[in-house]
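The values are calculated or read from the model by the stated rules, or taken from the named source; none is laboratory data. All values derive from a computational prediction rather than experimental measurement. Note: ideal-geometry Cβ built from the backbone for every residue, glycine included; neighbour counts use all protein chains shown.
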Amino acid sequence: MKTKIITIVGPTASGKTALSVEIAKRFNGEIISADSMQIYKGMDIATAKPTIQEQSGISHHLLDFLDIDESYSVGQFVIDAKEAIKEITKKDKLPVICGGTGLYVDSLLSDIDFVDNSNNPETRSELKKLYEENGVDYMLDILREVDPESAERLSTEVNPKRIIRAIEFYKTTGITITEQIKNSKLNESPFESLTIGLTAKDRSYIYDRINKRVDIMIKNGLIEEAEKMLNSDLSPTASKAIGYQQFKPYFDGESDLESCINRLKTETRHYAKRQLTWFRRNESIVWINIDEYISAEEQFDMINNTIRGFIYG
């Protein structure tokens with residue numbers, strides 16, 4: 001039998017944590033974080049990491065466990081999340097996946113194997129040098145020759161690190177990431193998930209929540225946290241966090257604080273839009289409009305029967 005899990009997804013500031021905690025309380029569950037930045041110790045305010053109070057006594061896994069100078073990958077997440085699911089089910093509890101990192105969620109639910117021997121620092125260093133000398137379009141052309149599907153997918157977001165990673169994967173393993181994902185999907189996933197997505201009828205409602213959340217972050221000490229992180233040895237993974245680089249012009253005396261705050265709000269809204277675009281591709285997601293059911297309790301009441309039917313049906 002497949003392991004049944006509940007998965008809560010959606011854009012930043014949509015209330016995923018509160019709903020996941022409510023579900024875990026009602027159905028004897030524990031939460032596994034699927035957030036690529038909340039894994040890091042000390043990166044608390046910018047990542048909106050749930051506080052002890054917000055966790056409400058519910059056990060959380062894959063949260064606040066990695067030093068900021070350590071890298072992490074989607075492949076490692078799948079391994080760690082599967083181990084956490086085993087631990088939770090051994091206690092006859094319900095695993096609740098909660099997070100907005102779509103690649104993490106999809107890779108776990110599809111049980112994708114990213115191959116342990118696919119990392120090659122020497123090759124990656126050579127590719128980074130090529131990128132620095134020739135630019136992203138040149139790297140996309142290289143990728144297009146060996147893995148046109150990945151090149152097409154990555155050309156829309158133009159993420160140099162992911163482009164380099166796709167080329168590295170091919171050069172190291174002899175197969176493309178596209179092939180690897182397709183081959184992995186031939187194996188039936190051991191999980192059956194009810195995936196609940198949080199969105200809003202009026203997208204501006206989410207954007208307004210983002211703006212307000214940033215203001216609260218500033219009051220809670222985000223500026224100090226950003227300065228500390230920018231002066232730290234961040235791993236390539238940790239350096240991707242939104243909430244730190246946006247303040248570098250302020251610390252360098254090149255911009256005023258208000259402009260940097262506005263930039264952070266804008267980039268966070270753009271990120272939320274990308275998250276929604278990613279999750280909208282999954283037609284099996286049960287969506288909740290958070291502008292219709294404001295509190296986590298109201299959202300839970302709306303979805304309660306669906307969850308019960310899934311778990312006990």
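Can you name the residue in the stretch 280-313 that is part of a helix (DSSP H, G or I), surrounded by 12 or more Cβ atoms within 10 Å (Cβ to Cβ) and aromatic (F, W, Y) and, of all such residues, is nearest to the chain's Cα centre (by Cα)?
Among those that are part of a helix (DSSP H, G or I), surrounded by 12 or more Cβ atoms within 10 Å (Cβ to Cβ) and aromatic (F, W, Y), it is F300.
Quick check: anything in the stretch 230-253 closer than 30 Å to I5 by Cα and among the small types (G, A, S)? Walk me through it before giving the result.
Here is the first cut: in the stretch 230-253, the residues closer than 30 Å to I5 by Cα are 237-238, 240-242.
Retained after the next criterion (residues that are among the small types (G, A, S)): 238, 241.
There is at least one residue in the stretch 230-253 that is closer than 30 Å to I5 by Cα and among the small types (G, A, S).
For T268, are the conditions met, namely being loosely packed, with under 14 Cβ neighbours inside 10 Å and in the same structural domain as T195 (by TED's automatic domain parsing)?
On the way: loosely packed, with under 14 Cβ neighbours inside 10 Å: no; in the same structural domain as T195 (by TED's automatic domain parsing): yes.
No; evaluated as a whole, the condition is false for this residue.
Have a look at S232, S239, S193 and point out the one that is surrounded by 19 or more Cβ atoms within 10 Å (Cβ to Cβ), of a type in the set (S, T, N, Q) and over 21 Å from D147 (Cβ atoms).
When all the criteria are applied, what remains is S193.
Modelled with pLDDT under 95, farther than 22 Å from A34 by Cβ and either surrounded by 14 or more Cβ atoms within 10 Å (Cβ to Cβ) or not aliphatic (A, V, I, L, M) (or both): does that describe E225? Let's see the steps before the verdict.
Values: modelled with pLDDT under 95: no; farther than 22 Å from A34 by Cβ: yes; either surrounded by 14 or more Cβ atoms within 10 Å (Cβ to Cβ) or not aliphatic (A, V, I, L, M) (or both): yes.
Criteria not met by E225.
Which of the numbered conditions does N211 fail, given that it passes all the others? Conditions: (1) more than 20 Å from K273 (Cα to Cα); (2) in contact with a Lys or Arg (Cβ under 8 Å, 6 or more places away or on another chain); (3) at pLDDT 95 or above; (4) not aliphatic (A, V, I, L, M).
(1)
Assuming I31 fulfils every condition listed in (1) of a type outside the set (G, A, S); (2) loosely packed, with under 15 Cβ neighbours inside 10 Å; (3) touching a Cys at 6+ places or on another chain (Cβ under 9 Å) apart from one, which condition is it?
For I31, the exception is condition (2).
Among the residues of the stretch 203-262, write down those that are of a type in the set (S, T, N, Q) and under 30 Å from I164 (Cβ atoms).
Filtering the stretch 203-262 for residues of a type in the set (S, T, N, Q) gives 204, 211, 220, 231-232, 235, 237, 239, 245-246, 255, 259, 262.
Within the stretch 203-262, N231, S232, S235, T237, S239, Q245, Q246, S255 meet the criteria.
What is the number of the single condition among (1) touching a helix residue (DSSP H, G or I) at 6+ places or on another chain (Cβ under 8 Å); (2) within 21 Å of A48 (Cα to Cα) that D256 does not meet?
Unmet for D256, out of (1) touching a helix residue (DSSP H, G or I) at 6+ places or on another chain (Cβ under 8 Å); (2) within 21 Å of A48 (Cα to Cα): (2).
Restricting the search to the stretch 280-299, which residues are among the hydrophobic types (A, V, I, L, M, F, W, C) and either modelled with pLDDT under 95 or farther than 24 Å from E22 by Cβ (or both)?
Narrowing the stretch 280-299 to residues among the hydrophobic types (A, V, I, L, M, F, W, C): 285-288, 290, 294, 296.
Across the stretch 280-299, the qualifying residues are I294, A296.
Please tell me if T277 is part of a helix (DSSP H, G or I), surrounded by fewer than 15 Cβ atoms within 10 Å (Cβ to Cβ) and of a type in the set (S, T, N, Q).
Values: part of a helix (DSSP H, G or I): yes; surrounded by fewer than 15 Cβ atoms within 10 Å (Cβ to Cβ): yes; of a type in the set (S, T, N, Q): yes.
Answer is yes for this residue.
Any idea how many residues of the stretch 126-161 are surrounded by fewer than 16 Cβ atoms within 10 Å (Cβ to Cβ) and closer than 19 Å to R274 by Cβ?
The qualifying residues number 9.
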